[in-house]
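What follows is a set of notes on a single structure, which appears directly below.
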Amino acid sequence: MQLNDSVWDVSSNGGHQPVLAGELVELLDPQPDDTVIDCTFGAGGHARKIAALLDEPAVFIGIDRDPEAQRYFDMFEQEQACRCRFIHSNFADALQDMGDNGFQADLIYLDLGVSSMQLDRPERGFSYSYNAPLDMRMDPETSLTARQVVNGYSYEELVRIFKDYGEERYSRQIARYICREREKRPYETTLQLVDTVKAAIPTPARFGAGHPARRVFQALRIAVNDELASLERGLDMALNLLAPGGCLAVISFHSLEDRIVKRFFNARVGRCECPPDLPQCVCGAEASIKVLTRRPVTPSADEIGENPRSQSAKLRAAEKLG
Ligand SMILES: C[S@@+](CC[C@H](N)C(=O)[O-])C[C@H]1O[C@@H](n2cnc3c(N)ncnc32)[C@H](O)[C@@H]1O
């Protein structure tokens, strides 16, 4: 498929509006000489806001598993006063490597999910709005595609993916329909799958809130990119890398991600787990972080109005204790 110039925006932000950007900057509070890691660089929208506050001795590292992000990083780098480096990798692996090499950072942040550039490029297969090959890989060098999942996974595995990762009410019906249809003709394209979802769910559900295939597409994307496992591992690695007093912030876009972040933070605030009838604490619970967001920060009505993709965003942040 040819690159479509109308949707492939090579402007400096790729048409991607960073979500909760002001709130992220306020929580991270970058200092001019900080070492900063952006784990999900994308088009560098957040990176620009943060790097604007850095100066010469500072270091800015951008990570993204999508090699397309390198183009945006190259443009970003030219505008910066500090030293910059791009790493094409899953952030969990990159953070682990840096930790193994004794690297420390002052600020680490993640803006999870998919970028507008990925969604708006039909040939990547992320969107239910364009007809394209069923792909959905954030890193085209990885092997598992949505096509392989849809055509190769068992009925039970498909039900689990749609239910667990998409919170799809009609998981069984959709998985059953897929298993029947793929016997006749393998699934190749996004619209083939959209048609199946529409045919498998009850008629009123086709006209409910949002696109009827939204949850199935989200579920497949999470499975193809193993997103939740990367997040769990990445949070551990990030906290490891942070210098005492450093800050970790995460913007998530659905409840599965937010739950992982919330549990990760809660497990490290040193909450005593002794039975309530013990006279004193014996579990030795020790806080390794201080949570900076008692409740997750969410976008204002104005931001949602300007950028509907921000609607489900939640920002949580924590400071590493010394
Ligand atoms: C929502 S976008 C980030 C947008 C960016 N903050 C901006 O303002 O332009 C998410 C990006 O994270 C990348 N990504 C998602 N999971 C990743 C992972 N496990 N490792 C590295 N990059 C990841 C995606 O490829 C995508 O480019």
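Table for the structure above
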read-out	value
Highest to lowest packing among 224-237, 22-35, scored as the average C-beta count within 10 Å	224-237, 22-35
Euclidean distance of C-alpha centroids, the stretch 29-73 and the stretch 194-221, integer Å	36
Potential extension, Asp93-Asp226 segment - 0.36 nm per residue separation minus Cα distance	46.6 nm
The chain: calculated mean residue ellipticity at 222 nm from DSSP helix runs of at least 4, using -39500 (n - 2.57)	-11500 deg cm²/dmol
Arg259 paired with Gln148, simple spin-label distance in nm, labels 7 Å along Cα-to-beta-carbon	2.7
Average accessible surface area per residue within the chain, 1.4 Å rolling probe, Å²	49
Share, in percent, of DSSP beta bridges within the chain that are antiparallel, nearest 5	35
Accessible surface of the chain [probe 1.4 Å, protein heavy atoms]: carbon and sulfur percent	46
Cβ-placed point charges (K, R +1; D, E -1), dipole of the chain about Cα centre in debye, nearest 20	1620
Rough spin-label spacing in nm, given labels placed 7 Å along Cα→Cβ, for Cys283 and Asp164	2.6
GNM result for the chain, Cα springs below 10 Å: residue of Phe265, Phe126, Phe103 fluctuating most strongly	Phe103
Tensor-based shape of the chain (alpha-carbon gyration tensor, a/c under 1.5 rounded, otherwise prolate or oblate)	oblate
Greater than 22 Å apart at Cα, pairs in Lys163/Lys184; Lys198/Lys314; Lys49/Lys290; Lys262/Lys320; Lys290/Lys314	Lys163/Lys184; Lys198/Lys314; Lys49/Lys290
The stretch 179-322, dipole about Cα centre (Lys/Arg Cβ +1, Asp/Glu Cβ -1), debye to the nearest 20	340
Cα gyration tensor shape for the stretch 182-322, rounded if a/c is under 1.5, else prolate or oblate	prolate
Simple spin-label estimate for Arg214 and Phe103 in nanometres, 7 Å along Cα-Cβ	3.7
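The values are calculated or read from the model by the stated rules, or taken from the named source; none is laboratory data. Owing to the predicted nature of the structure, the values given are computational and were not obtained by experimental measurement. A quick note on method: Cβ atoms are made from the backbone with ideal geometry, for glycine too, and the neighbour counts reach across all protein chains shown. When the accessible area is computed, the model is the full protein with side chains, heavy atoms only, and any ligands, DNA or RNA have been set aside. Shrake-Rupley method; radii C 1.70, N 1.55, O 1.52, S 1.80 Å.
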